[in-house]
Ligand code: TXA
Ligand code: MG
């Protein structure tokens, strides 16, 4: 099959889009732009066409699709028992980057909703998609036009990269306006709630329509992340081939300073930078940029949130094409949709694999360069030597306030080397909600850390304790803190190591012995 790319340019959209619209209606696949990202479209009423979308993308069958309509005139075909709040929000935001979860009508095949009783509906605000949907005159499913797990497509060339000669039509109307997928809003829960963050936030919804909805971050705190309300949320997403690390600056460390530190640690790797143009200008003055090793992809410093979101996926794809090993991407606190996509790109492959016989223990300290990496390594080394039981315990570690990618401190490495444990490969990781949710048991170092985390995540309270509580059955008050040896002499590290080791042996016995009455 040869893919025909239809460039809209200044041509008459109706004339140019008639052939692809008819093909779409007949059950063929047509990729088209929306204001968010490019979509891979199929007639929602033809099951085999929808099935082909899953196959083309390599998409898990339990991840439902969004139905696209030009306007609300035929909404009754798609959804039933539509609540009044839908019409209110429609007036304020549609067409636009907002997807509604509604009760599904029987006309929509189960494959579209992956067996759920609900259906996602959206009305894109982009001239080509509007015209195409109007001409096709059927509801159209359109997931983002990328192979599952890859960065979404924000240019027609990205769609070609993933689907050349596998689909008959791609409509090219230039770069998409926003660059991140629509906000998904669940109207079937008692209080409307955002399941996927996008450009439209809970605050925008309140301001422009007066409707109160649960924000994405609010929902995350309450959710049981093992059973996500939006099935798509549980998968690793948007990820380039290269490993992605975040550049987390703060009042004391400007982005250029953080980049310099990270570059030092990644000296033998080929690096891609995704940073704002102002930071790049400063960085260039501070260091000799070796162009063989560092490739930059910049976004505007003016409206940095919009600009970073607009360019993120294109940057991932462009930097991958340059063959970089690691992408350092600037974190932008408060940019909810952008940070959500960036966080997901940083999640490692292995954390997606559910394994019932494997249980995860997560050690948490502050910087993830001394106590928690030592504890995780001590635990794993001990576990390896023990007789195998039915359950395999695996320890990882993270820090409550850290940068991703820092090695363990020299003394942590040296005192563990004394007992034949090598943690020179360790790289720090910021604690995330995903890590907390995936852990079966979370062991923190101090009572303060425990209290902070328990307050932030009351639903996870039962699995968050200090290591001493887990290991010695101490109550919350008499728990013992393991102090931070950071910046202390090696002897202090040795004491920390031995303190951790004792507790871990006790912990091991606790979690591997059946509980007595
Ligand atoms: O901006 C967008 O929404 C783009 C453009 C092309 O319209 N489309 C898009 O589709 O991002 P996709 O398939 O990549 O993401 C759909 C998201 C997934 O997270 C999926 O789990 C969720 O919507 N979703 C779909 N139906 C759902 C339902 N019935 N209940 C909860 N979540 C649903
Ligand atoms: Mg997608």
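The values are calculated or read from the model by the stated rules, or taken from the named source; none is laboratory data. Everything numeric here is computed off the predicted structure, so don't read it as measured data. Reconstructed Cβ throughout: ideal geometry from the backbone, glycine too, with neighbour counts over all protein chains shown.
Numbers for the structure displayed
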| quantity | calculated |
| --- | --- |
| Tally, over segment 111-120, of residues that are crowded, with 24+ Cβ neighbours inside 10 Å and within 16 Å of ligand 2 (Cβ to nearest atom) | 2 |
| Number of positions in segment 77-94 that are in contact with a helix residue (DSSP H, G or I) (Cβ under 8 Å, 6 or more places away or on another chain) and surrounded by fewer than 16 Cβ atoms within 10 Å (Cβ to Cβ) | 3 |
| Verdict on residue 129 being surrounded by 18 or more Cβ atoms within 10 Å (Cβ to Cβ), at pLDDT 95 or above and within 15 Å of residue 6 (Cβ to Cβ) | yes |
| Scope segment 95-129; condition closer than 29 Å to residue 318 by Cβ and over 20 Å from the mean Cα position of the chain (by Cα); matching residues | 96, 122, 124, 125, 126, 127, 128, 129 |
| Failed item, numbered, when residue 153 is tested on (1) touching a strand residue (DSSP E or B) at 6+ places or on another chain (Cβ under 7 Å); (2) more than 11 Å from ligand 1 (Cβ to nearest atom) | (2) |
| Test for residue 297: is it within 16 Å of ligand 1 (Cβ to nearest atom) and surrounded by 16 or more Cβ atoms within 10 Å (Cβ to Cβ) | no |
| Residue in segment 102-110 that is over 25 Å from residue 213 (Cβ atoms), more than 16 Å from ligand 2 (Cβ to nearest atom) and touching a helix residue (DSSP H, G or I) at 6+ places or on another chain (Cβ under 7 Å) present | yes |
| The listed residue being within 16 Å of ligand 2 (Cβ to nearest atom), within 9 Å of residue 37 (Cβ to Cβ) and touching a residue at least 60 places away in the same chain (Cβ under 8 Å), out of 184, 180 | 180 |
| Every residue from segment 142-157 that is farther than 11 Å from residue 31 by Cα and buried (at least 24 other Cβ atoms within 10 Å of the Cβ) | 151, 152, 154 |
| Condition check for residue 190: assigned to a loop (DSSP other than H, G, I, E, B) and within 16 Å of ligand 2 (Cβ to nearest atom) | no |
| Residue within segment 11-22 that is within 14 Å of residue 166 (Cβ to Cβ), more than 15 Å from ligand 2 (Cβ to nearest atom) and either in the same structural domain as residue 107 (by TED's automatic domain parsing) or surrounded by fewer than 21 Cβ atoms within 10 Å (Cβ to Cβ) (or both) present | no |
| Residues that are more than 15 Å from ligand 2 (Cβ to nearest atom) and under 19 Å from residue 123 (Cα atoms), drawn from segment 152-171 | 171 |
| Some residue of segment 342-354 being surrounded by fewer than 20 Cβ atoms within 10 Å (Cβ to Cβ), farther than 30 Å from residue 392 by Cβ and modelled with pLDDT of 90 or more | no |
| Residue tally, condition outside any strand (DSSP E or B), more than 13 Å from residue 135 (Cα to Cα), more than 9 Å from ligand 1 (Cβ to nearest atom) and touching a residue at least 12 places away in the same chain (Cβ under 8 Å), over segment 9-42 | 3 |
| Any chance residue 97 is within 16 Å of ligand 2 (Cβ to nearest atom), surrounded by 19 or more Cβ atoms within 10 Å (Cβ to Cβ) and under 14 Å from residue 127 (Cα atoms) | yes |
| Single unsatisfied condition, residue 35 versus (1) within 16 Å of ligand 2 (Cβ to nearest atom); (2) buried (at least 23 other Cβ atoms within 10 Å of the Cβ) | (2) |
